[in-house]
Amino acid sequence: CPVLHKYVRPRDKVLVVGCGNSELSEQMYDVGMCQDIVNIDISDAVIRQMQERSASTRPRMSYLLMDMLHMDFPDAHFQVVLDKGTLDALLTDEEEATLGKVDQMFAEISRVLQVGGRYLCVSLAQAHVLRKAVEYFSQEGWVVRVHQVASSGDKQQFVLPVFVYVMTKFRKIPGSAAQILEICPEEQDKPMRVESTELLVAAVKDRQHYALLCSQISKTPCREQVSLDLCDKESGKPRYTLHVVDSPSVKPSRDNHFAIFIIPQGRETEWLFGTEEGRRQLAASAGFGRLVTVALHREQHYEGMAGIQAELSGKVMELAPPGLPARQQVPFLSVGGDIGVRAVRHCASSPLSGEFIVEDVKGDGSCYFRRLIFLQNRNVVQSEARLLAPTPLPGHKKRRKDKKKPSPTEPPGAIDKSYLCCEHHKAMVAGLCLLGGPDALPGELAVLVVGLGGGSLPLFVHDYFSQAHVAVVEIDPSMLEVATHWFGFSQGDRMQVHVSDGLDYVAKLAAEAPAQFDAIMFDVDSKDLTVGMSCPPPAFVEKPFLQKVRTILKPEGVFVLNLVCRDARLKESVLATLRDIFPLLYARHIQGEVNEILFCQAGPVGRRGPAELGARARALEGALRQPGHPWDSSYALADMLQAVHIL
């Protein structure tokens with residue numbers, strides 16, 4: 001009714017094609033929407049039945065026996081042609097004969113409609129039906145708009161949503177290829193422009209999949225976690241990412257069926273919120289049968305917790321579990337009751353890394369962190385550093401009386417170079433205790449780090465190993481600029497960055513100066529997201545290249561590799577290749593992450609068990625706790641190596 005009211009005026013002359021015994025025309029007449037209505041159908045029995053039903057009560061409405069493919073009406077006779085399911089019934093396949101009938105139907109509708117008239121087609125919008133209608137009328141120069149019909153509340157009537165195609169007739173301009181295609185979702189009146197037929201079909205398909213999803217999870221618990229994006233109405237970009245998590249172990253009661261958990265901005269990559277296992281643990285500890293976690297996107301603006309709650313209240317109820325009591329209040333939960341703090345400090349792009357951003361986020365408690373994110377893989381933190389001294393957020397004006405008490409939404413600015421945020425970096429540093437010699441803290445060290453990122457790993461080695469000379473290889477000059485400007489990285493006598501492809505740099509050193517590094521560390525990501533290994537790129541673990549790595553490593557040195565591989569077969573192949581080159585191979589899995597740190601040695605150093613490695617790491621940790629060097633209790637280097645296993 002609301003959709004038809006937009007496009008049918010009381011004085012319009014309306015043609016209903018393929019009317020059948022539907023009550024739609026009768027209802028339109030009775031509510032006064034329109035009364036000059038002509039209904040046609042090819043069934044003589046149906047026409048007689050409908051004439052008898054309306055003859056005495058609806059004198060201005062008529063029913064005629066007529067084939068819509070060969071109509072007797074003059075040209076431009078109607079302002080509206082209404083089709084409720086007729087196109088769906090006709091276009092059951094894409095055979096040539098069927099498509100020919102549909103073209104004839106469309107041509108007749110076009111003929112009997114006035115310029116400015118509307119063809120309203122009520123449909124379940126199967127892809128081939130929608131595509132055919134949109135392509136035909138848009139090529140004729142008509143404006144095409146697709147409305148999703150709001151559900152009536154009787155969810156059992158249709159699982160799939162109903163759509164109305166609104167085709168408005170315009171005179172075709174010779175030589176013009178411009179198309180106006182729009183979609184109008186049920187929850188908003190303002191249509192959204194769509195660039196092509198395929199994008200319009202895809203937008204409708206998204207809404208159909210969503211309706212199927214809601215139907216399924218309203219009847220049965222989710223066996224697996226369900227995720228979906230809710231997009232911004234204006235831009236179409238993702239605004240919220242939702243995960244639906246069911247906890248079968250939670251005993252249902254009246255008040256624990258359903259809750260919504262808002263993840264504070266910037267914390268969506270943490271294990272508890274960013275992994276299936278973490279969300280499962282969160283849902284169980286929250287004590288709700290179904291928990292919907294909501295992640296906020298960095299490109300969007302939010303008006304606090306109350307604004308988010310108002311925006312999401314209607315939509316999340318469509319994801320309610322079976323058995324939710326009527327009029328049940330659904331709580332919105334979060335950490336600390338707020339939506340967190342996120343400030344994008346820098347946006348740029350490079351030919352090698354694509355688009356990337358630097359952002360400051362508030363972590364758990366009062367800690368702030370600076371992060372580097374590659375937008376092609378936006379759920380992965382590429383580099384992270386803890387921040388110290390305050391600096392105002394963009395747009396924040398600090399008053400004199402604020403000097404002693406910074407605003408809680410005001411993140412710090414200076415980099416805490418003593419802190420390693422990433423667990424895999426702590427493990428990589430701990431691996432230096434594998435270097436031979438009786439002393440816990442090695443003397444002069446030559447270290448090669450491939451992959452700069454924000455620079456926290458080479459900076460830590462440089463600062464805490466006072467006799468270390470660190471060479472860093474980074475292929476992307478933009479990353480050197482980012483590390484220097486935003487992450488406190490600097491070069492000096494003991495720290496040099498070489499902007500080069502790591503493959504070429506290692507190959508050149510292998511040919512010119514073998515056996516020169518005590519430690520080689522690979523922490524380099526792959527830009528190819530189609531491979532099941534995101535770190536390092538596959539070329540870095542091919543046998544000929546690894547032989548060159550061994551060539552430039554001193555006999556008693558250690559090669560430390562950050563491996564992130566989800567493909568089990570590929571991972572086993574990488575490990576087999578490493579065993580061929582390095583007789584001693586240790587692995588340390590990073591809990592809650594895919595990362596596995598591999599420690600590889602080729603020289604005469606004997607095999608050490610986890611207990612011995614833990615003892616050496618503990619001694620190294622003690623030696624690194626130097627006066628004037630802050631040390632964080634979370635480093636626990638000994639724990640890092642006591643959990644290794646020998647491959």
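The values are calculated or read from the model by the stated rules, or taken from the named source; none is laboratory data. Remember, it's a predicted structure, so these values are computed and weren't measured experimentally. Heads up, the Cβs are rebuilt from the backbone with ideal geometry, glycines too, and the neighbour counts pull from every protein chain shown. With ligands, DNA and RNA removed, areas are computed over all heavy atoms of the protein, side chains included. Shrake-Rupley method; radii C 1.70, N 1.55, O 1.52, S 1.80 Å.
Odds and ends about this structure:
- Selection from GLN51, HIS469, GLY20 lying farthest towards where the dipole of the chain points positive, charges on Cβ: HIS469
- Total charge dipole magnitude, the chain, about the Cα centre, Cβ charges on Lys, Arg, Asp, Glu only, Debye to nearest 20: 1820 debye
- Cα gyration tensor, the stretch 500-550 - rounded (a/c under 1.5), prolate or oblate: prolate
- From its DSSP helices (H runs of at least four residues, each -39,500 (n - 2.57)), the chain gives a residue-normalised ellipticity at 222 nm of -9000 deg cm²/dmol.
- Remark on PHE261: its backbone amide H falls under 5 Å from those of VAL292, THR293, VAL294, LEU333, a criterion applied only to residues 5 or more positions apart or on other chains, H modelled at 1.01 Å from N.
- Cross-link pairs LYS527/LYS571; LYS362/LYS571; LYS548/LYS571; LYS237/LYS426; LYS205/LYS315; LYS527/LYS554 - those with Cα-Cα distance over 28 Å: LYS362/LYS571; LYS237/LYS426; LYS527/LYS554
- Taking amide H atoms as placed 1.01 Å from N in the peptide plane, the amide H of VAL449 lies under 5 Å from those of ALA471, VAL472, VAL473, MET521, each 5 or more residues away in sequence or on another chain.
- Listed by chain and number, the aspartates and glutamates placed with their C-alpha closer than 20 angstrom to that of LYS172 are ASP75, ASP103, GLU108, GLU135, GLU140, GLU182, GLU195; residues fewer than eight positions away on the same chain are left out.
- Among 575-584, 115-124, the order from most to least packed when residues are scored by Cβ within 10 Å on average: 115-124, 575-584
- Cα-based reach from LYS6 at 12 Å (exclusive), listing aspartates and glutamates while leaving out same-chain residues under 8 positions away: ASP189
- Accessible area of the stretch 1-55 divided out per residue, in Å², using a probe of 1.4 angstrom: 50 Å²
- Rolling a 1.4 Å probe over the protein heavy atoms of the stretch 2-213, with every protein chain left in place, gives an accessible area that is 51 percent carbon and sulfur.
- Charge-dipole axis of the stretch 224-346 as Lys and Arg at +1 and Asp and Glu at -1 on Cβ define it, positive-most pick from GLY323, SER253, ALA295: SER253
- Relative to the longest principal axis of the Cα atoms of the chain, the long axis of helix 304-317 lies at roughly 50 degrees.
- Placing unit charges on the Cβ atoms of the charged side chains and taking the dipole of the stretch 1-139 about its Cα centre, the candidate lying farthest along the positive direction among LEU65, THR92, TYR7 is TYR7.
- Protection-proxy order for peptides 38-44, 15-21, 27-33, each taking the mean of Cβ atoms within 10 Å per residue, highest first: 15-21, 38-44, 27-33
- Using every pair of distinct Cα positions in the stretch 2-213, the Kirkwood expression returns a hydrodynamic radius of 17.8 angstrom.
- Each residue of the stretch 263-278 is assigned a 3J(HN,Hα), and the resulting list reads 6, x, 4, x, 10, 5, 8, 5, 4, 5, 9, x, 10, 4, 5, x Hz, derived from the Karplus form 6.51 cos²θ - 1.76 cosθ + 1.60 (θ = phi - 60°), x at Gly and Pro.
- Cα gyration tensor, the stretch 17-95 - rounded (a/c under 1.5), prolate or oblate: prolate
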